[in-house]
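The values are calculated or read from the model by the stated rules, or taken from the named source; none is laboratory data. The structure presented is a predicted model; accordingly, all values stated were derived computationally and were not measured. So basically every Cβ, Gly included, is an ideal-geometry build from the backbone, and we count neighbours across all protein chains shown. Ligands, DNA and RNA are excluded from the accessible area calculation, which covers all protein heavy atoms including side chains. Shrake-Rupley method; radii C 1.70, N 1.55, O 1.52, S 1.80 Å.
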Amino acid sequence: MSDVLPWLIPVLVVIVLAVVAALVAPRLRRGRQVPPPTTPPAPTGTAAPTADGTPAPAQPPVSAQAPTVEEAPPALERPAPAAGRLVRLRDRLARSGSPLGARLLAVLSRDHLTEDDWDELEESLLLADVGAGPAGELIDALRTRVRVEAVSDPADVRDMLREELIALVGADLDRTVHTHGAEPGTPGVVLVVGVNGTGKTTTVGKLARVLVADGDHVVLGAADTFRAAAADQLQTWGSRVGVVTVRADRDGADPAAVAFDAVKQGKAEGADVVVVDTAGRLQNKAGLMDELGKITRVITREAALTEVLLVLDATTGQNGLQQARVFGEVAGVTGIVLTKLDGTAKGGIVVAVQRELGVPVKLVGLGEGPDDLAPFDATQFVDGILGE
């Protein structure tokens, strides 16, 4: 027994300690609280320090805003070709029935033309603004041919009227719009004049479309610096077809300076033609002459004028003729643009204004559309009046 005690006592101690540990350990585990998991903070502009204690480079904050997308520039418009535009006028007149043509044909279709009938024909021509001189010439020519040729068939009389009207309008006149410079590297310069309200600035914009459709490099000059928003209007027309507009930085600037800058830029760009819009507000002849004279002088320092177009409203009748007289004297007009010619009751203004100025109608406005400016053709115009 004495031999067993030395090793039995340590064994009992170990067993007692194991039992105590087994009883105490669960209680200690139940009393210990486990901290809840923490969510790392959202990143800011400051980063945590590195292992050596130096601060890490700051990271840029993440933006929640969607990236900006640049809008594509608007597509340029493609103007309709100028060829065949007047056919639309002829068709429009034929469908609607021209008052002038209808009246003339109604009288000429009668079996026997009396003196009263011829007077009625002449009155119809005068109401259409043909003018007293041209109207008398047409009636005399018709009476002579009807008597000499013994014409009685209404169809033959209609053909006779068509021939005389074409001769009166002037089928043999040169209606070319001269837009190209005479010297290589020098643009043609077209000066557009007329009173406000005739559609002058709109006509310049439409003319730019005609020239672009023909393949020309065009520069516009907004020299109407007196009318509010005239330059903005012209710039809008040009931007639609990729044409640059030279303008002043303020209203009331010197129109001659704008015209000069436009021609100078046209030369620098190698443009084919520069079209200059001018002010039409001046009501007295002296002021108009001074302004247009100054514009002409400064333009010709850079390039020669190839065309001076006068814009007239075809519906204004005798008022339009008075405007034509003034501008014809002070501006050296070489061609006429008649707007609103689809008002056919006044179509005779074509004849009257050509007689008054001695220059041809070269372009006509057929309506409100952007491509409703057309080269004038005497035969197409007469056929439209007569409903051919």
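Structural remarks
- Among the residues making up the range 308-335, a single one is more than 18 Å from LEU288 (Cα to Cα), in a strand (DSSP E or B) and open to solvent by less than 10 Å² (accessible area, probe 1.4 Å): GLY335.
- Being of a type in the set (Ser, Thr, Tyr), more than 38 Å from the chain's Cα centre (by Cα) and on the phi < 0 side of the Ramachandran plot is a property that THR114 has.
- Index of the failed condition, ARG301 passing every other in (1) surrounded by fewer than 19 Cβ atoms within 10 Å (Cβ to Cβ); (2) in contact with a Gly (Cβ under 6 Å, 6 or more places away or on another chain): (2)
- Number of positions in the range 164-173 that are over 19 Å from LEU373 (Cβ atoms) and surrounded by fewer than 21 Cβ atoms within 10 Å (Cβ to Cβ): 6
- Taken over the range 180-200, the residue count meeting the criterion of being open to solvent by 20 Å² or more (accessible area, probe 1.4 Å) and touching a strand residue (DSSP E or B) at 6+ places or on another chain (Cβ under 6 Å) is 3.
- Taken over the range 128-163, the criterion of being acidic (Asp, Glu) and either open to solvent by 40 Å² or more (accessible area, probe 1.4 Å) or farther than 16 Å from ALA352 by Cβ (or both) is satisfied by GLU137, ASP140, GLU149, ASP153, ASP156, ASP159, GLU163.
- Inter-residue pairs, beta-carbon under 9 Å, first under 16 Å from GLY328 (Cβ atoms) and touching a residue at least 12 places away in the same chain (Cβ under 8 Å) and in the range 189-202, second surrounded by 22 or more Cβ atoms within 10 Å (Cβ to Cβ) and of a type in the set (Phe, Trp, Tyr), 6+ apart: VAL193/PHE327; GLY194/PHE327; VAL195/PHE327
- Positions within the range 133-151 being at pLDDT below 90 and of a type in the set (Asp, Glu), in sequence order: GLU149
- Tally, over the range 285-325, of residues that are at pLDDT below 85 and of a type outside the set (D, E, K, R): 15
- Test: residue in the range 243-262 that is open to solvent by less than 50 Å² (accessible area, probe 1.4 Å), touching a Leu at 6+ places or on another chain (Cβ under 9 Å), closer than 19 Å to GLY328 by Cα and at pLDDT 90 or above: no
- Residue satisfying all of: in the range 348-388; over 20 Å from ASP174 (Cα atoms) and of a type in the set (Gly, Ala, Ser); least open to solvent (accessible area, probe 1.4 Å) among these: GLY384
- Filter result for PRO154 (at pLDDT below 80 and either out of contact with any Ser or Thr (no Cβ under 7 Å at 6 or more places or on another chain) or within 14 Å of ILE385 (Cα to Cα) (or both)): no
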